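Read through the structure below, which is laid out as structure tokens, and then see the notes.
The values are calculated or read from the model by the stated rules, or taken from the named source; none is laboratory data. As the structure is a computational prediction, the values presented were derived from the model and not from experiment. Here the Cβ is made from the backbone with ideal geometry for all residues, glycine too, and neighbour counts use every protein chain on show. Just the protein is used for accessible areas: all its heavy atoms, side chains included, with ligands, DNA and RNA removed. Shrake-Rupley method; radii C 1.70, N 1.55, O 1.52, S 1.80 Å.
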Amino acid sequence: MNPAARHAQLCREIAELDHAYYVLDAPKTSDRAYDALFDELRRLEAAQPELVHAGSPTQRVGGAPREGVTKVEHEHAMFSLDNTYDEAAVREFDRRVRDGLRTGSVVHYVAEPKLDGASLSVVYDRGQLVLGATRGDGRVGEEITPNVRTIRGLPLTIDDPRRMTLRGEVVIYKRDLATINQTRIARGEEPFANPRNAAAGSLRLLDTREAAERPLRVLFYELVDRYYATHHEALAAIRTLGLPTHGLHRVCDSLDTLLAFIAEFDLRRSQLPYETDGVVVKVDELAQRDLLGATARFPRWAIAYKYAAERVTTVVRAIECDLGRTGAITPVAVLDPVTVSGSVVSRASLHNSDYVADKDVRVADTVVIEKAGEVIPQVVSVDVGKRPPGTQPWQPPTQCPSCGHAVVRVADEAALRCPNASCPGRLEALLFYFTRRSGMDVDRLGESLIKQLVDTKLLRDVADIFALPEKRESLLALPRMGDKSCENLLASIEEAKRGRTFSQLLTALGIPLLGSVAASTVAGRYRNLRALLERPVEALRDELAEIHGIGPKMIDSLCAYLADPTQRAILEKLLQLGVVANEPEPEPVVTSGPLYGSSFCVTGVLTRPREAVHEQIRAAGGEVLDRVKKGTTYLVIGDKVGDTKLKAAKKQGAQIITEAELDALLQRDMRSS
Ligand code: IVH
């Protein structure tokens, strides 16, 4: 095939795959296969630059910043919609519509979701996307074509030569908003209050590359040109052209069907990946729309019915500070339990001290709670009117809540940290991590017992756990420690001493950046702790650099850890106390299976041990990665997910799925194979 034909074919294939992925939500191929096509296209264009044209998928990201703000006058004014909040107002709208038409006219309405994002106007001409613009004041908007071109799933070319002006909503999926906000908070930036602000802000970014990194989507809901007799036909045509639409409209031939749609849609909408805040009711027949016309601001043929937002109020009983194993201090609001979006919330992260100060959240305040992206409970605002007398603004801790050491604020970080390496609170957090199922799995060592053992100095580091069998007397002297529970505890420690792999031990140590997958790679190479400790750190550095999947930052972190005399002493102590932790022979690599070709990074607290999930993925032919990197297909998230992984997933375009979704993948694939 000649290069020009191959180029055209690649452009078409990639556009089809984008459509399947972003519009139909039904990926047709693995990310790896997609990347291969994309790479081929890039290479072809590098060799023959004359093949590049504006419709090529490589041209989505312009790279050059938009130069200032250019205004465009809309060919057709962009109206806003009159809002209503109850059934009576919908009835009233129906009456006005009928009054405005000839008596006895048959009126059909189209009811469709009111998408909560930023409105967008695009123009295609001779099959090419030629303009993207914001609504602005409805008459004049901002020209944002370079940013609009970065929206995946928006075709750069369509198979229709007519000039077409389309209206749609740019949305950010709920799960993506949660990701963006966690990143922003981690960077000390203000989180977006809602997907609308996030979408609008992203569209107007001057840096097109930054816009390209935002997970924007667009869903069209209007074709302005009068090419069809009815709105529902126009929606069908939009879809046939491969343009993304919501596909959730219903043609209603009576007020009753319309009201029924409004009621039904309210029950379904929380399941949608994007936010909706109501239903838009539109007259279906365009000739009738023309008869009805518009007021200065609103068309007379459409109305928005808005649902009440799912927010609840509750009272802040305390503001606590959580301390992590790295010393990070996070303020958390302890709340009177309330149900929000289907689950009971009794704690809400307040992210960092700036967040608390900005919102002025105080103990005893009545606060409005909402689930951000319907996942993470957030304190939205404080009802100052309900503030009891005598409250004080919350003071960020100046001292570590555990050891009293002065806290530090790391430059460029909003988080406060306890820098004391021997802080008992940090030790408790580390011990808790060390003994979880993903690590050394000492199941009898729970949070409160850990605290007691740290308080009584029976545990000063992680190795001390394995000295506990020698300290039976002291253990039995602890409050609430009976013979039986002491036996169980010691048995679980003995079991952990011999029954864990080296990768579990390495994971349990919580070495920064060394997650369970990297730990298992390193463990596979060195087999046991003794062998690892015997390597001179410099030699180790070179050896690790040779290993696939171990990056330079991990190497720095692991080498720094091994070079630290305190840590080394703890590792030696583990060996002296008889911790075996040998790595078994590796399983043969599976080169087929339902997940073959996809890669997975698993993070957060899951319902089963992470290693077990890894095993299932490997057994199904999937590749397990420690971190999200270029080409990673999926990030599987559990509870308490850290920002870094989410940020990386967003950056690298990995799909974020829950454990349940992973199970569905495994199951679906099992059924079909
Ligand atoms: S039609 C003249 N349909 O709501 C009618 N708008 O409050 C033009 N919106 O600016 C809009 N979902 O950004 C229409 N299905 C939908 C919509 C929708 C959300 C937004 C749109 C508009 C705003 C008006």
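Key figures for this structure:
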read-out: Residue identified as within 23 Å of Y124 (Cβ to Cβ), of a type in the set (G, A, S) and open to solvent by 50 Å² or more (accessible area, probe 1.4 Å) among A46, A15, A36; value: A15
read-out: Candidates D256, D159 - the one that is without any contact (Cβ under 8 Å) to a residue 12 or more places away in the chain and of a type outside the set (F, W, Y); value: D256
read-out: Residue, surrounded by the fewest Cβ atoms within 10 Å (Cβ to Cβ), within segment 134-150, restricted to residues that are more than 16 Å from the ligand (Cβ to nearest atom) and within 22 Å of G653 (Cβ to Cβ); value: R149
read-out: Of all residues making up segment 403-435, the number that are in a loop (DSSP other than H, G, I, E, B), open to solvent by less than 50 Å² (accessible area, probe 1.4 Å) and at negative phi; value: 8
read-out: Within segment 476-494, considering residues that are in contact (Cβ under 8 Å) with a residue 40 or more places away in the chain and surrounded by 15 or more Cβ atoms within 10 Å (Cβ to Cβ), the one farthest from the chain's Cα centre (by Cα); value: S485
read-out: Boolean, S438 is of a type in the set (G, A, S) and open to solvent by 80 Å² or more (accessible area, probe 1.4 Å); value: no
read-out: Hey, R162 more than 15 Å from the ligand (Cβ to nearest atom) and in contact with a Pro (Cβ under 7 Å, 6 or more places away or on another chain) or not; value: no
read-out: Hey, V628 modelled with pLDDT of 85 or more, open to solvent by less than 40 Å² (accessible area, probe 1.4 Å) and in a loop (DSSP other than H, G, I, E, B) or not; value: yes
read-out: Conditions (1) buried (at least 20 other Cβ atoms within 10 Å of the Cβ); (2) closer than 26 Å to I172 by Cβ; (3) away from the ligand (no atom under 16 Å from the Cβ): number failed by T276; value: (3)
read-out: In segment 280-337, residue nearest to A234 (Cα to Cα) [restricted to those that are open to solvent by less than 10 Å² (accessible area, probe 1.4 Å) and in a loop (DSSP other than H, G, I, E, B)]; value: D284
read-out: Residue satisfying condition, being in contact with a Leu (Cβ under 8 Å, 6 or more places away or on another chain), modelled with pLDDT of 85 or more and closer than 19 Å to W301 by Cα, within set D94, D86, D99; value: D94
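Let's see how each residue does on (1) within 13 Å of L166 (Cα to Cα); (2) polar (S, T, N, Q); (3) more than 16 Å from the ligand (Cβ to nearest atom):
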position	(1), (2), (3)
R184	no, no, yes
S202	no, yes, no
T208	no, yes, yes
R217	no, no, no
E222	yes, no, no
R226	yes, no, no
L235	yes, no, no
H246	no, no, no
A263	no, no, yes
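Table: residues versus (1) without any contact (Cβ under 8 Å) to a residue 40 or more places away in the chain; (2) under 20 Å from V462 (Cβ atoms); (3) open to solvent by less than 60 Å² (accessible area, probe 1.4 Å); (4) part of a helix (DSSP H, G or I).
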residue	(1), (2), (3), (4)
P512	no, yes, no, no
G549	no, no, yes, no
M554	no, no, yes, yes
Y561	no, yes, yes, yes
L595	no, no, yes, no
R618	yes, no, no, yes
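Let's see how each residue does on (1) in contact with a Gly (Cβ under 7 Å, 6 or more places away or on another chain); (2) open to solvent by less than 50 Å² (accessible area, probe 1.4 Å); (3) not acidic (D, E):
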residue	(1), (2), (3)
M78	yes, yes, yes
T84	no, yes, yes
D94	no, yes, no
T103	no, no, yes
V122	yes, yes, yes
G127	no, yes, yes
G132	no, yes, yes
R152	no, no, yes
I158	yes, yes, yes
